[in-house]
1. Inside region 284-329, can you point out the residues that are without any contact (Cβ under 8 Å) to a residue 24 or more places away in the chain and small (Gly, Ala, Ser)?
2. Output yes when any residue across region 427-435 is free of Cβ contacts under 8 Å to residues at least 24 places away in the same chain, closer than 30 Å to Gly184 by Cβ and over 24 Å from the mean Cα position of the chain (by Cα), and no when none is.
3. For region 409-432, check the following and say yes or no: at least one residue is in contact with a strand residue (DSSP E or B) (Cβ under 6 Å, 6 or more places away or on another chain) and charged (D, E, K, R).
4. Restricting attention to region 54-89, and to residues there that are among the small types (Gly, Ala, Ser) and under 14 Å from the mean Cα position of the chain (by Cα), which single residue is nearest to Asp194 (Cα to Cα)?
5. Just checking: which of the helices (runs of 4 or more DSSP H) contained wholly in region 288-353 hold 1 or more residues that are more than 27 Å from Pro242 (Cβ to Cβ)?
6. Given the criterion surrounded by 23 or more Cβ atoms within 10 Å (Cβ to Cβ), at pLDDT 95 or above, within 30 Å of Trp157 (Cα to Cα) and touching a Gly at 6+ places or on another chain (Cβ under 8 Å), identify the matching residue among Leu36, Leu42.
7. Just the residues that are basic (Lys, Arg) and under 41 Å from the mean Cα position of the chain (by Cα), please, taken from region 303-329.
Amino acid sequence: MTSAHPDTAAPATAPTSEPRRVSHAVAIIGAGPAGLMAAEVLASRGIQVDLYDAMPSVGRKFLLAGRGGLNLTHSEPFERFVTRFAERTPALTDGLQAFGPDALREWTHGLGVDTFVGTSGRVFPTDMKAAPLLRAWLSRLRAAGVRLHARHRWQGWTPDGLLDIQGPHERLFVSAQATVLALGGGSWSRLGSDGRWLPWLTERGVDVAPLQPSNCGFDVAATRADVTGWSEHLRTRFAGQPIKPVALSFTDVNGQTDSKQGEFVVTDTGIEGSLVYAFSARIRERIARDGEATVHLNLLPAHSAETVLAETRRARGPRSLATHLKSRLGLQGLKMALLHEVLPTEVLQDPKALAEAIQHLPIKLKAARPMDEAISTAGGVRFEALDDGLMLRALPGVFCAGEMLDWEAPTGGYLLTATMATGRTAAEGVVRRLQGS
């Protein structure tokens with residue numbers, strides 16, 4: 001079988017006209033963390049694995065996600081950890097109990113990579129890099145006999161149920177005793193997660209929820225009647241700058257209000273960043289229902305309401321409002337620009353209304369940024385379409401894992417942990433099926 005080293009770009013040549021038929025024990029489609037983990041579990045049980053990926057090298061999204069520091073998992077207590085998956089917590093709990101944060105750290109140490117817990121509770125490799133871990137992992141997989149096939153794009157099934165795979169030199173029709181699909185969601189298509197698989201599963205009767213952006217930024221609606229989106233002044237002076245410390249509060253479609261402190265970035269069209277990502281699912285749902293969503297910012301989360309009111313009421317003499325707020329409350333730069341961006345003149349001149357707005361500044365959002373810009377996606381194969389081993393009920397012998405499943409979680413190590421846990425769950429399901437057959 002044609003096989004390309006995952007770290008070597010194979011030359012593109014015209015494929016032969018007649019597909020070649022091959023047979024495998026297990027074929028895994030997608031060499032991200034879920035697919036690699038499934039391959040490891042299966043290979044450890046002595047099962048031959050052929051792992052296909054469309055990209056010239058494997059784990060590309062994994063590497064890019066770790067470029068600023070690979071967030072492996074989170075150190076919070078397990079009981080709290082599993083709640084981060086919201087309504088999908090029941091579906092993921094068993095898999096996370098089998099391979100949760102502690103097990104992932106032990107697995108990482110087994111690859112010769114040490115970890116540490118940051119001040120936020122997030123867990124990182126000691127050197128913060130993804131590449132050494134991936135190299136060690138691939139070395140282990142090759143030693144276990146896993147066959148890696150880069151530049152091999154899955155194109156669905158043939159009419160008689162074979163996997164249709166286009167390689168760099170030829171087209172393959174692959175039969176397998178079991179198949180694991182670990183194809184990712186629909187974000188970062190340039191790295192392989194393009195969601196092209198969705199119609200192929202839908203056509204075969206698989207229950208799939210539409211893909212939507214998750215952990216994403218949002219575009220602002222009109223900040224004032226005469227402005228569409230951010231003003232030119234805000235865009236040219238402050239786009240790309242972080243705002244911190246700040247607290248964001250939001251009321252979801254169920255009427256539940258939540259508030260978190262952190263930071264985010266003002267973009268050319270709206271807002272994005274970790275604090276926004278923490279609310280992205282609920283903001284997205286509110287926009288879908290109402291056409292827009294309003295978040296409120298506390299620009300001075302360390303100050304009491306009484307202190308802020310006392311300072312806005314304080315006589316400022318000949319000083320400008322901007323100079324007064326900078327001197328008395330430390331408000332300046334982007335925070336001051338946001339007040340001028342959102343508030344009408346009469347509020348800026350009213351000490352009580354201004355004090356309230358400083359700690360409850362409304363920002364209206366009209367749309368999530370495009371899915372391909374999102375860190376992850378919601379939607380995918382619904383768990384109701386799967387058995388306990390993540391096998392598709394409509395397609396016996398075909399298993400699904402990773403981000404292509406219908407779940408979402410905030411950033412902070414939750415995404416990677418659950419992705420790898422589902423890879424293990426799917427592999428265990430394959431083992432049981434092969435043993436049973």
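1. Passing the criteria: Ala288, Ser304, Ala310, Ala315, Gly317, Ser320, Ala322, Ser327.
2. Within region 427-435, the subset free of Cβ contacts under 8 Å to residues at least 24 places away in the same chain is 435.
This time we only want the ones that are closer than 30 Å to Gly184 by Cβ, so: 435.
Retained after the next criterion (residues that are over 24 Å from the mean Cα position of the chain (by Cα)): 435.
For region 427-435, residues free of Cβ contacts under 8 Å to residues at least 24 places away in the same chain, closer than 30 Å to Gly184 by Cβ and over 24 Å from the mean Cα position of the chain (by Cα): present.
3. no
4. Step one: list which residues in region 54-89 are among the small types (Gly, Ala, Ser), which gives 54, 57, 59, 65-66, 68-69, 75, 86.
Filter again for under 14 Å from the mean Cα position of the chain (by Cα), leaving 65-66.
On the way: Ala65: 16, Gly66: 20 Å.
For region 54-89, the residue satisfying everything is Ala65.
5. Values: elements: 305-313, 321-329, 333-342, 345-348.
Per the criteria, 305-313, 345-348.
6. Details: Leu42 fails: touching a Gly at 6+ places or on another chain (Cβ under 8 Å).
On inspection, the qualifying residue turns out to be Leu36.
7. Restricting attention to region 303-329, the residues satisfying the condition of being basic (Lys, Arg) are 313-314, 316, 319, 326, 328.
Passing the criteria: Lys326, Arg328.
Each row is one residue, and each column tells you yes or no for (1) in the same structural domain as His296 (by TED's automatic domain parsing); (2) in contact with a Gly (Cβ under 7 Å, 6 or more places away or on another chain); (3) of a type in the set (Ser, Thr, Tyr); (4) at pLDDT below 95.
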{"residue": "Arg316", "(1), (2), (3), (4)": "yes, no, no, yes"}
{"residue": "Thr323", "(1), (2), (3), (4)": "yes, no, yes, no"}
{"residue": "Ala337", "(1), (2), (3), (4)": "yes, no, no, no"}
{"residue": "Val381", "(1), (2), (3), (4)": "no, no, no, no"}
{"residue": "Asp388", "(1), (2), (3), (4)": "no, no, no, no"}
{"residue": "Arg393", "(1), (2), (3), (4)": "no, no, no, no"}
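The values are calculated or read from the model by the stated rules, or taken from the named source; none is laboratory data. Not measured: the values here are computed from a predicted model. So basically every Cβ, Gly included, is an ideal-geometry build from the backbone, and we count neighbours across all protein chains shown.
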